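Worksheet: the structure to be examined is printed underneath.
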Amino acid sequence: MIGLSHYLVVSAILFSIGLVGVLRRRNLLMLFFATEVMLNAVNIAFAAISHYYNDLTGQMFAFFVIAIAASEVAVGLGILIVLFKKFGSLNLDDLANMRG
Amino acid sequence: MENLVYIALFAPFASSLFAALFGMSQREVFVGIVASMFIGTAFISSLLLAIHLYTTGDVINITMMDWIHAGDFNVSFGFVVDQVSVTMMTVVTLVSTVVHVYAIGYMDHDKSFNRFFSYLSAFVFSMMILVMSDNFLGLFIGWEGVGVCSWLLIGFWYHKADQTREENPSVSPSWAANEAFIVNRIADLGMLVGIFVLYWNTGTLKYDEVFAQLPYLNNGIIVTATIALFIGAMGKSAQFPFHTWLTDAMEGPTPVSALIHAATMVTAGVFLVIRANPLFHAAPEVSFFIASLGTFVAFYAASMALVERDLKRIIAYSTLSQLGYMFAAAGLGAYWIALFHLAAHAFFKALLFLGGGNVMHAMHDELDIFKMGGMKKEMRGTWIYMTLASVALAGLPPLAGFWSKDAIIETAFNEHTYFLWIMLVVTAGMTAFYSFRQVFMTFHGEDRHTPLGFHPHEMYKFVLIAMSPLAVLATITGWYMKEYEDFITELLPHYEMSEHTHHLASWLGLVVLFFAISGIVWAYLKYARIGRHAWKRDKEKEQGFFYKLLKNQYYVPKFYEEFITKPYAMVSAVFWEKVDLKIVDATVDNIAKAFYKSGDATRGMQTGNLSNYLNWMAVGGVLLLVIAAISAMFV
């Protein structure tokens with residue numbers, strides 16, 4: 001029988017994968033994908049817990065997250081295109097120009 | 001009547017502010033004239049108040065406004081015009097008026113003329129607060145105010161450089177000013193403690209209310225309070241061991257010496273004892289100590305004046321000595337006699353100082369009486385004034401000093417304190433000797449100044465005329481002693497001589513007179529003659545033990561320097577290097593340095609690379625999680 005803990009473990013694994021992606025990736029587009037992975041990991045957890053408690057609030061919240069993620073991607077991709085046109089690259093190491 | 005009180009109080013304040021407006025600009029004679037007029041107005045108001053009080057006898061109490069309101073603690077700006085304060089007000093404003101007019105002439109060539117008048121009037125204002133206040137706190141404000149003005153005025157010629165003690169015993173004006181201020185601060189601490197003790201035990205600071213509660217206080221508290229208050233009085237009135245500042249204060253301009261360091265401010269200590277007489281009366285041991293100390297200082301100061309060569313310092317010693325007389329009277333319970341001597345002394349001593357100022361002006365700031373002599377032909381007016389004042393100081397009838405000083409000496413006899421009586425009589429002889437030594441050395445005898453290239457000239461006419469009220473008062477004050485007694489004893493306790501003393505009074509007077517006259521005659525024989533008998537310096541005698549002891553002021557300043565000033569400076573140096581630099585400053589510096597260093601170390605995080613930021617953000621998130629987990633474990 002697949003219980004709550006299985007869902008949560010999947011969610012945690014997905015979240016960790018996303019986090020490692022955020023930390024390790026240098027390409028901005030990949031960073032976006034990684035954040036999407038993390039958001040969806042959270043959505044899984046919401047849905048699972050919502051089902052477990054028989055409370056729809058968590059599922060509603062998951063929808064909100066999906067909607068916001070969609071709009072974020074729309075705006076973010078727009079910015080990426082502008083950045084690419086300006087710098088000719090999406091690699092973060094190329095974009096950095098401060099000397100800390 | 002209330003308006004007169006306010007005019008008397010605030011006219012000097014207005015005068016000070018007015019003169020201050022021109023403080024930075026060059027000499028303007030009208031500043032001096034306007035200031036003198038303001039002070040004159042205050043004098044007239046005080047005089048009218050005195051007449052009012054004399055004729056009707058009703059004391060004026062006014063409360064200008066509330067000052068401090070904190071819980072149970074209430075102090076208001078209250079003023080009282082009674083017999084004691086009106087005496088002080090009249091004396092202070094009269095001498096101040098004369099000195100203001102005098103200063104117009106004396107400070108003629110000084111570039112800080114306007115500033116001088118601003119300070120001088122500010123002093124008068126503080127002094128008026130001191131004498132008129134109806135509570136101890138107001139008195140303390142005035143007390144500190146006169147201290148500040150004294151500091152400003154002693155150090156008026158602050159630009160003069162320091163000299164060694166051998167060249168100039170007072171080092172420099174700024175040094176003398178600091179000495180006066182610091183010595184007074186030390187004594188004022190005692191005064192403040194006395195005020196605190198009174199407040200803690202009575203819950204009020206108003207004179208009347210404090211004195212009304214005296215019967216309910218235990219003796220220890222009264223003794224503590226009186227001792228503490230008297231320490232304050234000792235500082236301001238330059239009694240031993242706080243006396244050294246007064247002679248050094250002669251570095252200030254002469255009008256200042258006349259007004260502050262002879263006639264008014266230094267008598268504030270005596271005024272305090274008189275004002276708080278119920279308190280001192282309740283502590284007979286302290287009172288007796290005051291009388292003994294006063295007698296000692298009278299003798300001690302007079303002995304130093306015997307060998308002093310500096311004209312102004314001689315007069316300063318005589319002031320010290322006369323303050324001793326006042327304390328002797330106050331300590332023996334003859335408060336009104338002390339106040340009477342205070343007033344008489346203010347007149348003749350101010351006159352003496354102003355005369356000394358004329359001499360100093362004529363001799364281009366030379367004060368060594370060994371370099372003067374025979375000056376009466378050039379300075380006839382000054383000679384007459386100074387002789388008159390010296391006669392009054394020496395205590396010859398019918399001048400003011402005779403009546404008041406004689407009464408004090410009689411009091412000492414009446415109280416059966418015969419030792420004090422003998423000391424005071426001997427001191428009276430010494431007073432006559434040194435004051436006439438100075439007169440004869442300056443104005444009589446061989447002309448020693450012309451060979452040295454001095455060509456003295458008499459002071460301006462208006463200055464001499466301005467001094468005349470003091471001369472008149474120094475002469476006649478004593479004649480009205482009986483009337484004054486009736487007036488003042490409405491407030492101060494009566495002091496009756498016993499039948500026995502009364503019987504011997506004229507003999508006692510004759511003894512004093514004998515000592516005074518023999519002092520004068522001796523001085524005459526020694527210093528006033530010319531030709532074959534003329535005075536010559538006796539170098540051998542000047543090397544003698546007693547001469548050197550007196551000349552060096554019993555080595556008290558030396559002692560203070562070696563055992564107080566120098567150790568204090570050494571300790572301060574140690575504290576500065578070891579405590580201040582190494583602990584206090586180091587702590588503050590290290591806090592600042594820690595911030596700089598951590599900033600330097602973490603600056604590298606700011607790379608501009610988004611990926612690094614994200615990594616740091618993850619580190620922060622993990623840290624927060626860890627903290628949350630740990631704190632959850634402990635909750």
Worksheet entry | Average Cα contact separation per residue, chain B, under 8 Å, 6 or more apart, as relative contact order % | 11 percent
Fill in: Additional length obtainable on full extension of the chain from B:Ile591 to B:Asn3, 0.36 nm per residue less Cα span
205.7 nm
Worksheet entry | Efficiency of FRET between B:Leu452 and B:Trp576 - r from beta-carbon atoms, R0 56 angstrom, step 0.05 | 0.75
Discussion item. At 20 °C and a viscosity of 1.002 mPa s, what translational diffusion coefficient does Stokes-Einstein give for segment A:4-95, taking Rh as the Kirkwood radius over Cα pairs? Give it in µm²/s as a whole number.
Written reply: 149 µm²/s
Worksheet entry | Per-residue average of Cβ from other chains inside 10 Å of A:25-35 | 1
Item to complete: Calculate the spin-label point distance for B:Glu561 paired with B:Leu189, positioning each point 7 Å from the Cα along the beta-carbon direction, and give it in nanometres.
Response: 2.4 nm
Practice prompt. Write down the radius of gyration of segment B:254-391 and its Dmax, each obtained from C-alpha positions, in Å.
Written response: 16.5, 55
Worksheet item: In deg cm²/dmol and to the nearest 500, what is the mean residue ellipticity at 222 nm of chain B if only DSSP H runs of at least 4 residues count, each as -39500 (n - 2.57), divided by the residue total?
Response: -22500 deg cm²/dmol
Discussion item. Helix B:136-154 against the longest principal axis of chain B: what's the angle in degrees, Cα atoms only, rounded to the nearest 10?
Written reply: 80 degrees
Discussion item. Viscosity 1.306 mPa s, temperature 10 °C: give me the Stokes-Einstein translational D for segment B:170-308 in µm²/s, with Rh taken as the Kirkwood radius over C-alpha pairs.
Written reply: 100 µm²/s
Worksheet item: By how many degrees, between 0 and 90 and to the nearest 10, does the Cα long axis of helix B:586-602 differ from the longest principal axis of chain B?
Response: 30 degrees
Discussion item. Give the lysines whose C-alpha is closer than 22 Å to that of B:Lys578, dropping any in the same chain fewer than 8 places away, or say none.
Written reply: B:Lys566, B:Lys593
Worksheet item: List the trypsin sites (Lys or Arg not before Pro) in segment B:500-538 that DSSP assigns to loop (not H, G, I, E or B) and whose Cβ has at most 16 other Cβ atoms within 10 Å. Which are they?
Response: B:Arg529, B:Lys536, B:Arg537
Practice prompt. Determine which residues of segment B:553-569 fall in the zone a paramagnetic label at B:Thr164 would reach in this model, i.e. backbone nitrogen under 16 Å from the point 7 Å along Cα→Cβ.
Written response: B:558
Worksheet item: What would the Debye formula give as log10 I(q)/I(0) at q = 0.06, 0.08 Å⁻¹ for the alpha-carbon point model of the protein assembly as shown, no solvent?
Response: -0.49, -0.66
Worksheet item: B:Glu144: net charge of surrounding residues, Cβ under 12 Å, Lys/Arg +1, Asp/Glu -1, itself excluded?
Response: +1
Discussion item. Per residue of segment B:362-375, what does 6.51 cos²θ - 1.76 cosθ + 1.60 with θ = phi - 60° give for ³J(HN,Hα)? Whole Hz please, x for Gly and Pro, Karplus curve as stated.
Written reply: 5, 9, 6, 6, 7, 10, 6, 5, 5, 9, 9, x, x, 7
Item to complete: Counting only C-alpha contacts under 8 Å and six or more residues apart, can you give the relative contact order of chain A as a whole percent?
Response: 27 percent
Worksheet item: What is the sum of charges around B:Thr87, taking Lys and Arg as +1, Asp and Glu as -1, for the other residues whose C-beta is under 15 Å from the C-beta of B:Thr87?
Response: -4
Worksheet entry | Inter-part distance where segment B:13-33 and segment B:67-134 are each reduced to a Cα centre, Å | 16 Å
Item to complete: For chain B, build the convex hull from the C-alpha positions and give me its volume per residue in Å³.
Response: 233 Å³
Discussion item. Counting only other residues whose beta carbon sits under 12 Å from that of B:His494, what net charge do I get with K and R as +1, D and E as -1?
Written reply: -4
Practice prompt. For helix B:461-476, report the angle its Cα long axis makes with the longest principal axis of the Cα atoms of chain B; keep it between 0 and 90° and round to the nearest 10°.
Written response: 70 degrees
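The numbers here are math on the coordinates, done by the rules we state, and not lab data. Because the structure is predicted, anything quoted here is derived from the model rather than measured. Cβ coordinates were reconstructed from backbone atoms using ideal geometry, including for glycine residues, and neighbour counts include every protein chain displayed.
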